[in-house]
Amino acid sequence: FAAEFIVRAGVGNVTIADGDTVDISNINRQLPALWSTVGEDKVEVMAKRLLDINPQLNLSRINEFLLPERMDELLQENHFDYVIDCIDSVSPKLALIRAARFNKVKIVSCMGAGGKMDPSKVMVRDISKTNNCNLAKYIRKRLRRENINKGVRCVFSVEPQHENSLKMTDGTQFKKSFYGTISYIPALFGLYAASEVIRNLIRAE
């Protein structure tokens, strides 16, 4: 959602990264997920959509799961103006935030959308001011160990997570569990993240 909002706003240089394929379980909440796209690479589905919005878009695709050890290299090679972090696994998410801070790249990080239902509770704040989000709490704790106490803008919800939506996984892709997610909350997180980027890019000009 964030990528589409940014492209529709007129940003002409965009990089998208994801190593996943569309799964039936994504259909309830992810923009590229349709019955017709199940099994396809998410990056390629989104690339086709974004280029249909703006055929002149300078679009780069990274069709891989971003491993923690890749983050510094990725940011140093590409010289991004802004990074939107939509990773839902702790280790690569932490690595991307650390790399952005080290390389002085602006970042907005999306925290836990799962287990949330109330759209009025979504907001953007510094990570030091997040609350009622288990993912943000853990990320905040880990960043403190590296003397990163603030300076990371986060999209999160102050609504307490519904614990009955917690599901366990097989532990692949750095993820041991996840919260079930309603259709409209990820879209709202993407909207807030895109707004943060667009307004900051405009102010920088």
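The values are calculated or read from the model by the stated rules, or taken from the named source; none is laboratory data. None of these values were measured; they are calculated from a predicted model. Note that we place each Cβ from the backbone using ideal geometry, even for glycine, and neighbour counts take in every protein chain shown.
Residues that are among the hydrophobic types (A, V, I, L, M, F, W, C) and free of Cβ contacts under 8 Å to residues at least 40 places away in the same chain number at least 1 in the following strands (runs of 3 or more DSSP E) confined to region 1-108: 82-85. Glu40 fulfils the conditions (1) touching a Cys at 6+ places or on another chain (Cβ under 8 Å); (2) over 28 Å from Ile127 (Cα atoms); (3) of a type in the set (D, E, K, R) except for a single criterion, (1). Residues in region 99-117 that are farther than 20 Å from Cys133 by Cα and not aromatic (Phe, Trp, Tyr) were compared, and the one that is surrounded by the most Cβ atoms within 10 Å (Cβ to Cβ) is Ala100. Residues that are crowded, with 20+ Cβ neighbours inside 10 Å and not in a helix (DSSP H, G or I) were ranked within region 132-152; the one that is nearest to the chain's Cα centre (by Cα) is Val152. For Gly115, the conditions (1) within 28 Å of Ser60 (Cβ to Cβ); (2) of a type outside the set (Lys, Arg); (3) assigned to a loop (DSSP other than H, G, I, E, B) are fulfilled apart from (1). For region 63-85, the set of residues classified as in contact with a Lys or Arg (Cβ under 9 Å, 6 or more places away or on another chain) and hydrophobic (A, V, I, L, M, F, W, C) consists of Met71, Phe80, Val83, listed by residue number.
Inspect all residues belonging to region 81-97 and state whether any of them is more than 25 Å from Gly180 (Cα to Cα), of a type in the set (Ser, Thr, Tyr) and either assigned by TED's automatic domain parsing to the domain that holds Asn26 or within 13 Å of the chain's Cα centre (by Cα) (or both). Yes, that holds for at least one residue.
The C-beta contact set for region 191-205 (first residue over 17 Å from Met123 (Cβ atoms), second residue acidic (Asp, Glu), distance under 9 angstrom, 6+ apart or interchain) comprises Leu201/Asp81; Ala204/Asp81.
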